[in-house]
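The values are calculated or read from the model by the stated rules, or taken from the named source; none is laboratory data. All of these numbers come straight from a predicted model, not from anything done at the bench. For neighbour counting, all protein chains shown are included, and Cβ atoms are generated from backbone atoms with ideal geometry for every residue, glycine included. Areas reflect the complete protein model, heavy atoms only, side chains present, ligands, DNA and RNA absent. Shrake-Rupley method; radii C 1.70, N 1.55, O 1.52, S 1.80 Å.
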Amino acid sequence: LAGPARSWWEATKALQQAGYAISWDDFQEKFRKKHIPRGLIERKKDEFRRLRQGSKDVVGYLDEFTDLSRYAPDDTDTERKKMERFMNGLHDELQCALVIHDFVDLESLVDKAIQLETKRKSMFEGRKRRMIAQEGSSSQKPRTYPQNPKPAYRPPPTPRPNYPNRPNNPN
């Protein structure tokens, strides 16, 4: 700790009885109460709940997910909750491919998401290169089509019988 946080800690330790060891949970609670306003925690919790991958790659999304998850401990207190929250923030294409698998922990989900994203990017780049190559090769020799194509052969119409006019029949 440094600066005001260090001064606070020194004053807190001085008030403790000799030999008393503060637990990590008690330290965190006291530290947050003193240095992190409740309004900020609520804002960060809401930000975590709305978090989506957006334009970030999976690693960037994971970094932000990890950073904000500490403000929403109730949303990430089990491995299942962490995985569901992480999965729901991924791009739809990644979610569709990953939802059919069962993952034991967040790390295995993240690993597969990174692998899938890498494969999809390389596949997209390969398609892009092929399209560019096809455009380049087709521009070298343009196709020509005849100006007046021959009409398709049609057989002559079948003759109709010639009936004499009938007096009472207008047809």
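Looking only at the range 65-92, which residues are touching a residue at least 24 places away in the same chain (Cβ under 8 Å), within 20 Å of K112 (Cα to Cα) and not charged (D, E, K, R)?
The answer is F65, M83, F86, G89, L90, H91.
Give me the pairs, please: first residue somewhere in the range 33-50 and closer than 22 Å to W8 by Cβ, second residue anywhere and at pLDDT 85 or above and open to solvent by less than 100 Å² (accessible area, probe 1.4 Å), beta-carbon distance under 8 Å, and either six or more positions apart or on two chains.
Close Cβ pairs satisfying both conditions: K34/W8; H35/A5; H35/W8; I41/Y71; K44/L68; K44/Y71; K44/A72.
What about E10, is it of a type in the set (D, E), open to solvent by 50 Å² or more (accessible area, probe 1.4 Å) and more than 30 Å from E84 (Cβ to Cβ)? If you could, list the steps in order and put the result at the bottom.
Working: of a type in the set (D, E): yes; open to solvent by 50 Å² or more (accessible area, probe 1.4 Å): yes; more than 30 Å from E84 (Cβ to Cβ): yes.
The answer is yes for E10.
Please determine, by comparing only the residues of the range 57-73 that are in contact with a helix residue (DSSP H, G or I) (Cβ under 8 Å, 6 or more places away or on another chain) and open to solvent by 30 Å² or more (accessible area, probe 1.4 Å), which one is modelled with the lowest pLDDT.
That would be Y71.
If a residue has to be acidic (D, E), part of a helix (DSSP H, G or I) and at pLDDT 95 or above to count, how many in the range 94-132 make the cut?
Summing the residues that are acidic (D, E), part of a helix (DSSP H, G or I) and at pLDDT 95 or above in the range 94-132 gives 3.
For the range 95-136, how many residues meet the condition of being in contact (Cβ under 8 Å) with a residue 40 or more places away in the chain and either open to solvent by 40 Å² or more (accessible area, probe 1.4 Å) or of a type in the set (A, V, I, L, M, F, W, C) (or both)?
Total satisfying the criteria: 3.
Going by what's in this entry, would L62 be described as in a helix (DSSP H, G or I), touching a residue at least 40 places away in the same chain (Cβ under 8 Å) and not β-branched (V, I, T)?
yes
Here are some residues: G54, G89. Which one is farther than 30 Å from L1 by Cβ and surrounded by 11 or more Cβ atoms within 10 Å (Cβ to Cβ)?
The conditions single out G89.
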